[in-house]
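Only one structure is covered here, and it is reproduced in the block below.
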Amino acid sequence: MADSPTMTYGGYLRLDRLLDCQEPETDAHDELLFVIIHQVYELWFKQILHEAALLQRRLEEGRSAGALHTARRIAKILKTVVGQLDVLETMTPRQFAGFRHALGTSSGFQSDQFREIEAVLGRREFPASVLRGDERLRAAVARPSMFDSLLRYLAVQGHPVPREALERDTSRAWEPDAGVQKVLLAVYADENGPAAEVCEALVDVDEGVQEWRYRHLKMVERTIGAKLGTGGSAGADYLRSTLFAPAFPDLWEVRSQTEQPTTGEQPTTGEEPAHGG
């Protein structure tokens with residue numbers, strides 16, 4: 001759009017269209033809140049996908065500072081998304097029941113953008129019926145995941161990432177790898193180095209997604225209990241099955257392999273070592 005001296009706040013943000021997008025199906029007071037919260041989710045999902053594409057490019061180019069900045073932004077967005085559930089949870093089960101029937105077969109599990117986020121983070125198993133109808137998801141499943149980009153970043157930084165990990169079929173789900181974990185242990189040995197900071201930023205992203213899943217589950221439980229979800233989904237039972245499944249399992253596994261610093265090695269945090277009583 002060309003610069004315009006007559007550009008207004010509402011015009012720039014297309015507020016006429018944006019604020020005309022909320023069309024509740026019932027007269028229930030709380031339905032508008034439900035609609036707005038979920039529309040805002042989708043806007044944040046759009047931004048996460050936008051940032052994730054940049055993050056992968058920066059990782060594969062070996063740009064530590066840029067990758068770190070973008071990963072931290074994604075983690076902050078996830079915190080914001082989780083925080084929105086606090087607002088949604090002000091709605092009681094009875095208030096939700098007042099318009100739930102109007103949702104019909106619609107369900108949050110039908111979010112194309114969240115499925116794409118899952119694919120970017122490494123999920124590869126989707127129902128064939130879903131993949132057939134979603135060109136963007138098919139493309140996301142076919143290209144390297146975020147963790148594949150991290151491995152390429154580490155290789156560019158000079159770390160000996162196994163060739164088979166770098167040349168793997170990225171359309172298949174990643175399987176935890178002992179050779180990669182050995183490289184990650186070496187990365188974390190220099191905990192103030194840029195590569196370790198980038199790895200930790202991706203852990204923050206992974207934890208943010210897991211936190212979203214947990215809070216989403218608790219919100220569903222307190223709203224509909226053990227009922228089936230809209231659209232025939234398994235509701236809380238399905239959400240519970242997705243908990244504690246990290247996107248980057250190797251980054252979590254190396255924590256159980258990390259050893260105490262050798263005697264005489266000074267802490268790198270700038271703090272004095274703790275002493276037991």
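Computed quantities for the displayed model
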item: Residues being open to solvent by 60 Å² or more (accessible area, probe 1.4 Å), in a helix (DSSP H, G or I), modelled with pLDDT under 70 and in contact with a helix residue (DSSP H, G or I) (Cβ under 9 Å, 6 or more places away or on another chain) - total across the stretch 194-251; result: 1
item: Entirely in the stretch 131-183, the helices (runs of 4 or more DSSP H) that have 3 or more residues that are in contact (Cβ under 8 Å) with a residue 60 or more places away in the chain; result: 146-156
item: Elements of type helices (runs of 4 or more DSSP H) contained in the stretch 1-108, each with 3 or more residues being surrounded by 17 or more Cβ atoms within 10 Å (Cβ to Cβ); result: 31-60, 64-88
item: Count of residues meeting criterion [within 13 Å of the chain's Cα centre (by Cα), under 17 Å from TYR153 (Cβ atoms) and hydrophobic (A, V, I, L, M, F, W, C)] in the stretch 171-224; result: 4
item: Residue pairs meeting the criteria (Cβ under 6 Å; at least 6 apart or on separate chains; first closer than 21 Å to LEU68 by Cβ, in the stretch 42-58; second open to solvent by 20 Å² or more (accessible area, probe 1.4 Å)); result: GLU51/ARG73
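The values are calculated or read from the model by the stated rules, or taken from the named source; none is laboratory data. Everything quoted here is computed from the prediction, not taken from an experiment. Backbone-built Cβ (ideal geometry, glycine too); neighbour counts: all protein chains shown. For the accessible areas, the whole protein counts, side chains as well, though only heavy atoms, and no ligand, DNA or RNA atoms are used. Shrake-Rupley method; radii C 1.70, N 1.55, O 1.52, S 1.80 Å.
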